Structure formats: structure tokens, C-alpha cells
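One structure is given below, encoded as C-alpha cells.
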Amino acid sequence: MAGRNFLFVPGPTNIPDRIMRSMMVAMEDHRSSRFPDVSRSLFPDLMKVFGAGEGQAFIFPSTGTGAWEAALTNTLSPGDRVLAPRFGQFSHLWIDMMQRLGLEVEILECEWGDGAPESRIAEALQADSQHRIRGVMIVHNETATGVTSDLAAVRRAIDSAKHPALLYADAVSSLGSIEFRMSEWRVDLAVAGSQKGLMLPAGLGIVCASPKALEAHSRAKCRRVFFDFGDMQRTNGDGYFPYTPSLPLLYGLRESLNMLFAEGLENVFARHRRLGAGVREAVAAWGLEICARHPRWYSDTVTAVLVPPNVNSAHVVDVAFRRYNLALGAGLSKVAGKVFRIGHLGDLNELMLLGALAGAEMSLADVGVKLELGSGVGAAQHYWRRTDTVPKKKVARSEVTYAGHSTGSISG
Ligand code: PLP
């Protein structure tokens, strides 16, 4: 199909040209004396993105799933009890991994569309007078339902129960897009992948561990080899890895971090907040609802749109892809057929999103959803114009310059 594919799944996200170019590198010796020049800066800079003032960041050649496994196996032992709310496909898959690793999981079943239930977490921890629960496992941004949990409130719940459990957070679809404050919220293990807010291809599994998590590592008996923190610690300090790292991805990560810092993390968060709110305005104008059941759970990186009961959302996704070259996220597992997802994270601006909203709108109309073409696009346009972050200044025509020349004397 002519023209660009519009990639609006909630990861992988668009890779900026700058990052693409930075990854076009010849292979080199990853044991050379020059290599640490590249790698060493990545660890402290990643910690800044996590909002972590202390502890350690780890970079594994894997994906978010590998980072899940690294966080669990490095800090827990078979038979350990953990507490995990389940409110979407990714919290479900993480729980499945915990069980397969031999952990005893106390599951808090929640409606898909809600986030982590802080008061139930506090109750469960209060009831655990023997302090058998070792970890509280939260998917910060549930990508399947477009729900962001309140990690600060989860931390308060743990503190209110005076419970020593570690706080684990899946930041796969929040890191580098939605505010994440590891030190402030005292998150002990945070996991991420490269293909979302970091704007890279999939291929890096990233973990940030607090000092308390590093302490737990010395006692943890879960089997681990490839994902062992200890092997990483022995080599990372000098800027090396225990096995062959993916050089293009490391160069790409350097560029990604440069871009995030150049924009400023707070500005990155504000941009995602504003873009997410505009998407929700569009959905409301279509007369549709979203899966997140309360404004407190609204995600600024992904919106899961509920389609009318007579429509299969997989059909919307397929029409968007085949007819308009637009990739939307499908509904997963329990919400398959019921929702489609618009990813709005990473290297993104208003006009890119308007293209996606226009395509989603046409696809919805094509499958028979009754809506007015242009309604969602218009609502988002109005919202983004109203909340424009560029200061508006009335400019006299004679002041307008084109390539440095006053256009005052140019007609047309
Ligand atoms: N956790 C969340 C919240 C995700 O969205 C994903 C993937 O989309 C994962 C974990 C798994 O990550 P990966 O597919 O990189 O293994």
C-alpha cells in the first residue's frame, strides 16, 4: 500500500528517524577498551527515567516478559507467597509466570477496567500477620484495558499495614510516557521493555532494583542463569556484559535517552497526558465508552474503546489495517471482540494522532457503527487547540518571516 503505515498499537511504537540512524552501526568488539564509553552512561541515565535515586538498573537482551522473569527470580524463592491483583491480560500473564516459577500467588480478582484495589491490598496485608507475603505485584499500566493504577496509593496501602513486602511494578507501557517515581513511591522492582515509551525495537528487558530488592537478591533461591543480577553486577560496573549485548539496541537506547532528556521528562509526561485526553474526547464524541471504568484509571498511553454489542472489534481492527493501512490494537483474551485499542505513546504528536482517529472513525463507520464522520477528529482538534502548549501571540502580517525574509512585501 502506498504511503506510511500508521502504527497505533500500544507497542511497538514509532521509532524516530534519529533513533533509527543511531542503530545503523557496524558491529564492534564488545570487550574492547572503548566499549564502556557507550555502555556506562546508560545505567545511571535509565535510573533517571525510572525516577530512582538509588539502587541499580539492569539491561537484558530480552523483552518485557524476560524483565518480569528477572525481577521475580532474582528476589524470590520457590514457595514464597506474593499478592497480585488481576485486572487485565498482562496482570494475568505475569501471575501465570509467578505460578509457573513455583510462587504461591494470592490473587485479588478485579473487574477488567479497574486498577489495583488499594484498600483490598491493605486488608490482605493486614491479615498477613506472619508477614509471609514477600511481594505486591502491580501492573502500573494495564495495556489490555487502558488502565493506570495509582502506585503512590498502593505504597500508602503497604505502609498503612506496616508490611515489609517488596513492591513490584510492571512499567512496560508506562516508563518514559507516564510519570513513574520509583524512589518517591518506594517501588522495589520496576520492569520495562524497549519497544514502548523508549521508542526502540523490542529486544531489551530493563529492570530497576531498589537497595532493598538488591538485598533480597542475596537470599533468593529461584533458579536463574541468563537473568542473574549477580553476573550482570560483576561485569556492568566496568561497562561490560556477561554475554554479547545487542549493540544497535544499546546505541538506540543512548539516543532515546538523549531525546527524552532533551524534551524533559516532565514535558514528556505532560505531552502524553494531553494527547491521551484528546483521544478520550474523540471517543466520547463517537458516542462510545472506554474500558477504564473510572477517570482515576484513565491511561495516557493507551485507550481501549468498547464497541457496540452488535459489532466485533476484531472487524474494526481488520478493516482499519486492510483498508486504511492503520494498525490498531486488538482486544485481548476476556475483552477480545469487545474493545479495540489506540496506542498513544512514544514519538507522537497531535497530527499523527488525528490521522489515527480519522482512520478509526472511518473503520467504525465501515463496520456499521452509527457515528458522524469527523465528530471524533473534531472533538480532539478542539481539545488540542484549547490546550495548546505553544504560547499564542498575535503576529502582524509584516512581521511574519519566511526563511528569514519578511513576507510583508511578498504577495500571496
Ligand atoms: N507488561 C505489559 C504491561 C505489556 O504491555 C507487555 C507487552 O505488551 C508485557 C508486559 C510483555 O512485554 P513483551 O511483549 O515485551 O515481552
| query | Hey, what angle do you get for helix 350-366 against the long axis of the chain, alpha-carbon based, 0 to 90 degrees rounded to 10? | reply | 80 degrees
| query | If you average the sequence gap of Cα pairs under 8 Å that are 6 or more apart and divide by the length of region 17-262, what percent do you get for the contact order? | reply | 31 percent
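Which value, in Å³ per residue, describes the convex hull spanned by the Cα atoms of the chain? Intermediate values should be presented prior to the final figure.
On the way: hull volume 68.9 nm³, N = 412.
It comes to 167 Å³ per residue, whole-number rounded.
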| remark: Nearest 10, in degrees from 0 to 90: the angle of helix 64-73 to the longest Cα principal axis of the chain is 20 degrees
| request: Going by C-beta contacts inside 10 Å, put Ile206, Ile107 in order with the fewest on the left. | output: Ile107, Ile206
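Which of the peptides 344-352, 56-64 is most tightly packed, and how do the rest follow, judged by the mean count of other Cβ atoms within 10 Å per residue?
Per-residue Cβ counts within 10 Å, averaged per peptide and sorted highest first, yield 56-64, 344-352.
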| query | How much length is gained on full extension from Asp96 to Ser77, taking 0.36 nm per residue of separation minus their Cα-Cα distance? | reply | 5.2 nm
| How would you order 372-382, 81-91, 4-14, 221-231 from highest to lowest mean count of nearby Cβ atoms within 10 Å? | 81-91, 4-14, 372-382, 221-231
| message | Can you tell me the length gained on complete extension of the stretch Asp231 to Ala202, counting 0.36 nm per residue apart and subtracting the Cα distance? | response | 8.2 nm
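If I take every Cα pair under 8 Å that is 6 or more residues apart in the chain, average their sequence separation and divide by the length, what percent do I get for the relative contact order?
22 percent
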| Which angle from 0 to 90°, rounded to the nearest 10, does the C-alpha axis of helix 118-127 make with the longest principal axis of the chain? | 10 degrees
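Once R0 is set to 35 Å, what does the formula 1/(1 + (r/R0)^6) return for the Cβ-Cβ distance between Asn312 and Glu106, expressed as a FRET efficiency to the nearest 0.05? Could the numbers behind the result be given before it?
Details: r = 35 Å, r/R0 = 1.01.
Efficiency at R0 = 35 Å is approximately 0.50.
Each reported figure results from applying straightforward, stated rules to the coordinates on display, with no laboratory input. This is a predicted model, so every value here is computed, not measured. Backbone-built Cβ (ideal geometry, glycine too); neighbour counts: all protein chains shown.
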